[in-house]
Amino acid sequence: MKKLIFIALIAACGIIQLMFPQYLRVFGIKPDLILACVVVANLTFEFRWAFALSLLAGIFKDSLIISSFGSNTVLFAIWSLLVCEIKRRFSLDYILVQVILLWVIALLQNLSTAIIVISSGNIVPAGIFLRIVFLGALYTAIALPLLLPLTRRWIE
């Protein structure tokens, strides 16, 4: 039952991300709530379910965007493996550690996505590139303390 609720949460975060209000965007940047769900899934569930939920979230996000189909599915699977390995080696009980972990993963996600976009032949000015990579990661990390209590209350 918890997994079905979390799947509904991923879908809700995807819809919220699509319809994110303009007045809450910072310099046109919105948080990646689906990526935050991937990290929360890996912090909450055992590896097998967290990996499956990460793949599902990647497929869902890829279905919402137009370019580079499949990139989010692959990247979310990689981040799931990374979080699982970090969780195995270190304690991730504190919210600050979880926020920093999400910031690093969001930074890597944004950087990877930007490199994929640039390698496909699109030209992205340096200022926009840096704004998307760094502010997007920071905004995603800031969204985690808001998302985490909701998920913990619904799935525990």
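The values are calculated or read from the model by the stated rules, or taken from the named source; none is laboratory data. None of the values given here were measured: they were computed from a predicted structure. Counting neighbours? That spans all protein chains shown, and the Cβs are built from the backbone with ideal geometry, glycine included.
List of remarks:
- Note on segment 100-123: among residues that are more than 17 Å from ILE29 (Cβ to Cβ) and touching a helix residue (DSSP H, G or I) at 6+ places or on another chain (Cβ under 7 Å), the one that is modelled with the lowest pLDDT is ILE116.
- Helices (runs of 4 or more DSSP H) contained in segment 1-105 and holding at least 3 residues out of contact with any strand residue (DSSP E or B) (no Cβ under 8 Å at 6 or more places or on another chain), closer than 25 Å to SER120 by Cβ and β-branched (Val, Ile, Thr): 71-89
- Unmet requirement for ILE7, which otherwise passes all of (1) free of Cβ contacts under 8 Å to residues at least 40 places away in the same chain; (2) out of contact with any Asp or Glu (no Cβ under 7 Å at 6 or more places or on another chain): (1)
- Selection status of PHE47, surrounded by 14 or more Cβ atoms within 10 Å (Cβ to Cβ), of a type in the set (Phe, Trp, Tyr) and touching a Cys at 6+ places or on another chain (Cβ under 8 Å): yes
- Test: residue in segment 100-123 that is surrounded by 12 or more Cβ atoms within 10 Å (Cβ to Cβ) and of a type in the set (Ser, Thr, Tyr): yes
- When GLY58 is tested against (1) out of contact with any Leu (no Cβ under 8 Å at 6 or more places or on another chain); (2) surrounded by 12 or more Cβ atoms within 10 Å (Cβ to Cβ); (3) free of Cβ contacts under 8 Å to residues at least 40 places away in the same chain, only condition (1) is not met.
- You will find that of THR140, THR151, the residue that is of a type outside the set (A, V, I, L, M), in a helix (DSSP H, G or I), farther than 17 Å from LYS30 by Cβ and in contact with a Leu (Cβ under 7 Å, 6 or more places away or on another chain) is THR151 and no other.
- If the condition is being assigned to a loop (DSSP other than H, G, I, E, B) and not polar (S, T, N, Q), then segment 107-127 contributes GLY121, ILE123, VAL124, PRO125.
- Scanning segment 133-152 for residues that are of a type in the set (A, V, I, L, M, F, W, C) and farther than 10 Å from LEU107 by Cα, we see that the one that is surrounded by the fewest Cβ atoms within 10 Å (Cβ to Cβ) is LEU146.
- Qualifying residue in segment 63-81 (condition: closer than 18 Å to THR151 by Cβ, more than 13 Å from the chain's Cα centre (by Cα) and at pLDDT 90 or above): no
- The residue that is surrounded by the fewest Cβ atoms within 10 Å (Cβ to Cβ), among those in segment 16-39 that are farther than 20 Å from THR113 by Cβ and aliphatic (A, V, I, L, M), is MET19.
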